[in-house]
1. I want to verify a result. In a Gaussian network model of chain A, Cα cutoff 10 Å, which of these has the top mean-square fluctuation: A:PRO145, A:PRO59, A:PRO46?
2. Would you look at the GNM of chain A, springs on alpha carbons closer than 10 Å, and say which of A:PHE130, A:PHE70, A:PHE26 moves the most?
3. List the lysines whose alpha-carbon lies under 30 Å from that of B:LYS55, not counting same-chain residues fewer than 8 positions away?
4. Loop only per DSSP, at most 10 neighbouring Cβ atoms within 10 Å: give me the GluC sites (Glu not before Pro) in region A:41-131, ordered by residue number.
5. So how far, in whole Å, is the C-alpha centre of region A:81-151 from the one of region B:50-107?
6. Using amide H atoms built in the peptide plane, which far-off residues or other-chain residues are under 5 Å from A:SER108 H to H?
7. Relative to 2.2 N^0.38 Å, what does the C-alpha radius of gyration of the protein assembly as shown come to as a ratio? Two decimals please.
8. Test of understanding: in a Gaussian network model of chain B with alpha carbons linked when under 10 Å, which of B:ARG51, B:ARG171, B:ARG146 would top the mean-square fluctuation ranking?
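Just so it is clear, none of the values below were taken in a lab; they were calculated from the coordinates. Keep in mind that this is a model prediction, so the values were computed, not measured. So basically every Cβ, Gly included, is an ideal-geometry build from the backbone, and we count neighbours across all protein chains shown.
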Amino acid sequence: MNQNKRIVIAVVILVVIVGAVLGVDFIQRQQAASVAPEDMPPGSIPIFVDGKFVASFVPDDLSQLEGASFVDAEEGKTQEGWLLRDVLLLYVKESKLKADTQVTVSSSSREKSQTLTWAEVDAQENMVLFDLSGRGTLKLVSKIPSFDTRDDWVQDVDKIEVVQP
Amino acid sequence: MKQRYFSTFQLIMLALFSALVVVAKIALRTPLQLSGHSGIFWMAIVVVAARVVPKPGAASVIGVTSGLLASFLGLGDFGFLNTFLSYGMLGIVADLVLWLLGGNAENLVVAILVGIFGHVAKFVVKWSFGLVTGAPLGFVALGLLRAIIGYIVFGAIGGLLGWLTLKALRRAGFFAYLAEKR
């Protein structure tokens with residue numbers, strides 16, 4: 001087989017791989033859409049306040065949010081995205097959030113969660129924000145000393161809970 | 001006496017390239033905030049290594065060794081296994097593609113394709129992990145497509161840089177020096 005044929009075959013294989021990945025993602029979205037409630041589109045992050053569903057954080061909301069970023073101390077990478085504070089304020093009135101209100105962000109697939117107070121989330125210098133991972137899922141990161149490493153951060157976020165004290 | 005597949009010199013070179021992959025991953029920073037941008041230097045190193053040690057399996061050794069190093073150093077956001085498999089698969093696939101395309105990393109198209117396939121293999125491992133562990137669907141619907149395109153483009157740039165490095169090495173007489181050593 002000549003080199004050109006091999007190159008063409010390689011390109012075809014690449015197209016098939018990309019097509020398979022996108023195809024599986026599309027099927028997953030279709031399946032998720034068929035069972036998800038209308039107010040919880042696939043990929044969105046549901047927000048619960050005191051156990052009650054209030055809204056889903058959806059990509060359309062991003063246009064209303066300002067970006068934020070910081071360089072993490074652990075690996076020196078830029079973490080860039082949208083502040084959790086701004087996301088919450090889209091759906092929850094600021095007057096309802098007290099300094100000791102607990103905000104829990106969790107990932108069921110990773111079995112990880114992080115609970116912060118509203119005071120911590122609200123402080124701009126803490127940079128509690130959602131970074132978009134390579135897979136397109138959200139990762140909660142921050143500069144808070146007890147929550148500033150990859151082990152602590154919450155990858156593949158799928159739920160936000162707000163609990164009033 | 002049975003001849004070893006890799007000479008001691010080649011194994012030392014492969015170990016150095018493996019370390020270089022990890023050091024580059026830690027030390028080299030690009031201002032690009034796009035998925036897969038590390039492929040620029042990563043795939044360049046793999047392409048160069050596959051020519052400096054021109055035997056099938058060289059890129060796999062680099063992938064697996066750098067994967068072990070990176071895992072023990074705690075690199076990556078998704079844990080030990082994910083880091084090891086993604087680094088390892090990158091090397092194995094780069095090797096496989098190089099072998100299928102005739103094994104000449106000094107050919108521009110081959111170098112670019114090795115870069116693309118190796119880097120996409122890393123993406124596929126990470127994506128498969130998400131699938132297996134039941135990770136949520138991407139928040140941004142087109143995020144996955146953007147990520148794949150990023151991996152392909154940066155893998156290709158890495159392959160191109162590797163090819164340019166090989167060209168520079170040849171001009172500097174590095175391969176003639178290697179041939180003399182043999």
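1. A:PRO145
2. So, out of A:PHE130, A:PHE70, A:PHE26, the one fluctuating most is A:PHE26.
3. Output for B:LYS55: A:LYS5, B:LYS2, B:LYS25, B:LYS122, B:LYS126, B:LYS167, B:LYS181.
4. Details: sites: A:GLU66, A:GLU74, A:GLU75, A:GLU80, A:GLU94, A:GLU111, A:GLU120, A:GLU125; in loops: A:GLU66, A:GLU74, A:GLU75, A:GLU111.
Filter output for region A:41-131: A:GLU66, A:GLU111.
5. 36 Å
6. Counting only residues 5 or more places away or on other chains, the set is A:ASP158.
7. Numbers: Rg = 22.8 Å, N = 347, 2.2 N^0.38 = 20.3 Å.
In units of the 2.2 N^0.38 Å rule of thumb, it is 1.12.
8. Between B:ARG51, B:ARG171, B:ARG146, it is B:ARG171 that shows the largest mean-square fluctuation.
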